[in-house]
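A short worksheet on the structure shown next.
The values are calculated or read from the model by the stated rules, or taken from the named source; none is laboratory data. Everything numeric here is computed off the predicted structure, so don't read it as measured data. Every residue, glycine as well, gets a Cβ built from its backbone with ideal geometry; the counts of neighbours run over all protein chains shown. Areas reflect the complete protein model, heavy atoms only, side chains present, ligands, DNA and RNA absent. Shrake-Rupley method; radii C 1.70, N 1.55, O 1.52, S 1.80 Å.
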Amino acid sequence: MNIKINKLLSLGLIAGAAFLSSCERGEEWPSSQGKGDVIVKMLNAGEKVLAFDALSAPQTALLVDIRKDAPSEAALNSPTTVKVSFDQAYMDAYNEENDTEYELLPSNLYTTDIPAGADGFTINMAAGQFAAPINFTLTDATKLDFSKQYAFPLTITSIDGNGKISESKTAFVKVLVKNEWDGAYEVTGTMKDEAAALGGLFPMNYHLITSGANTVDGYDPDYWVNYFIPIMSGADVSGYGAYSPVFEFDPATNKIIKVTNIYGQPSANGRSAGLDPTGENFYDPATKTIKVKFFMYQPASIPTPPHIRVYFDWTMKRTGDR
């Protein structure tokens with residue numbers, strides 16, 4: 001069958017994906033004809049997770065990427081010093097809002113290619129340099145205290161000269177060891193939509209990505225390459241916008257105890273997720289298989305309580321590491 005992806009927003013199914021591009025070596029630097037200020041930003045601002053294998057060998061990942069937007073060639077060719085601070089106030093606010101207990105990762109457990117001081121990073125961008133990625137190496141994941149939650153609360157706090165700091169200035173980077181449910185899976189099963197002639201795409205490749213000690217986020221690696229569930233609309237691949245499951249496990253029993261929507265409960269378009277208690281809702285470590293039933297609620301489409309629009313009944317067979 002010749003499958004194509006249907007991205008028609010008029011169907012009200014798909015949330016658009018925004019893609020960021022950056023200059024590669026040899027490309028011309030985008031100029032503003034000399035107008036405006038030098039602006040420094042975090043390219044990957046916001047909340048993110050670095051999930052590592054439980055290995056004693058060093059593992060490296062991108063922590064944050066600092067970018068300098070220059071309005072002219074002359075501004076680009078001027079050196080710039082940027083301070084990226086460990087923002088304890090932001091960490092405290094995050095913990096208060098989310099009922100978590102994140103703390104800064106101890107400095108003896110990691111290294112960075114731009115050296116970290118006690119209060120953060122001082123980045124000296126040379127003349128002509130517009131990108132300053134900070135690469136992070138977890139030296140030995142087995143030495144983490146698994147009873148604790150670790151993160152880097154990073155905020156651009158100063159830039160020298162006449163530069164300005166973008167609103168994209170803060171990142172909350174969680175450092176986790178991949179839990180046992182993290183991996184690549186093949187999904188089979190059924191899907192029933194009570195409001196539209198849409199069906200499941202089976203079998204499909206699917207990733208479960210560590211987002212907490214006992215949670216994994218569902219991710220489509222093939223079609224949307226994003227947090228979506230690919231589905232079928234006729235002969236085309238489609239998906240439900242602003243909906244993707246987060247599975248929470250009880251580590252003592254391997255039972256799934258909760259399913260939520262990564263985009264919010266509910267998301268901006270009113271969709272939320274929930275666990276169907278009639279399912280097995282269980283991970284079998286012997287066969288590396290997850291059986292789970294869950295719902296998509298959408299009151300706008302199903303006005304009668306409990307507002308269940310879509311019924312998912314999945315078997316996820318682990319195929320390897322993602």
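At-a-glance table
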read-out: Any hit, segment 260-275, residues being open to solvent by 30 Å² or more (accessible area, probe 1.4 Å), part of a strand (DSSP E or B) and farther than 29 Å from Ala141 by Cα; value: yes
read-out: Test: Ser168 is farther than 29 Å from Ala57 by Cα and at pLDDT 95 or above; value: yes
read-out: Residue in segment 172-189 that is at pLDDT 95 or above, under 24 Å from Asp69 (Cα atoms) and part of a strand (DSSP E or B) present; value: yes
read-out: Verdict on Gly241 being among the small types (Gly, Ala, Ser), surrounded by fewer than 17 Cβ atoms within 10 Å (Cβ to Cβ) and either touching a Lys or Arg at 6+ places or on another chain (Cβ under 7 Å) or assigned to a loop (DSSP other than H, G, I, E, B) (or both); value: no
read-out: Conditions (1) within 19 Å of Asn261 (Cα to Cα); (2) at pLDDT below 95: number failed by Gln298; value: (2)
read-out: Members of segment 76-90 found to be in contact (Cβ under 8 Å) with a residue 40 or more places away in the chain, under 21 Å from Ser166 (Cβ atoms) and either surrounded by fewer than 18 Cβ atoms within 10 Å (Cβ to Cβ) or out of contact with any Lys or Arg (no Cβ under 7 Å at 6 or more places or on another chain) (or both), listed by number; value: Leu76, Asn77, Ser78, Pro79, Thr81, Val82, Lys83, Val84, Ser85, Phe86, Asp87, Tyr90
read-out: Segment 155-169, residues that are among the hydroxyl-bearing types (Ser, Thr, Tyr) and open to solvent by less than 30 Å² (accessible area, probe 1.4 Å); value: Thr155, Ser166
read-out: Tally, over segment 105-117, of residues that are out of contact with any Ser or Thr (no Cβ under 9 Å at 6 or more places or on another chain) and open to solvent by 60 Å² or more (accessible area, probe 1.4 Å); value: 1
read-out: Close pairs (7 angstrom Cβ cut-off, 6 or more residues apart or separate chains): in contact (Cβ under 8 Å) with a residue 60 or more places away in the chain and within 15 Å of Val216 (Cα to Cα) in segment 41-65, among the small types (Gly, Ala, Ser) and surrounded by fewer than 16 Cβ atoms within 10 Å (Cβ to Cβ) anywhere; value: Leu50/Ala61
read-out: Unique match (being open to solvent by 70 Å² or more (accessible area, probe 1.4 Å) and in contact (Cβ under 8 Å) with a residue 12 or more places away in the chain) among Thr319, Thr287; value: Thr319
read-out: Considering residues of segment 191-238 that are closer than 19 Å to Ala51 by Cα and of a type in the set (Gly, Ala, Ser) only, the residue surrounded by the fewest Cβ atoms within 10 Å (Cβ to Cβ); value: Ala213
read-out: Scan of segment 63-75 for residues that are acidic (Asp, Glu) and open to solvent by less than 40 Å² (accessible area, probe 1.4 Å), ordered by number; value: Asp65
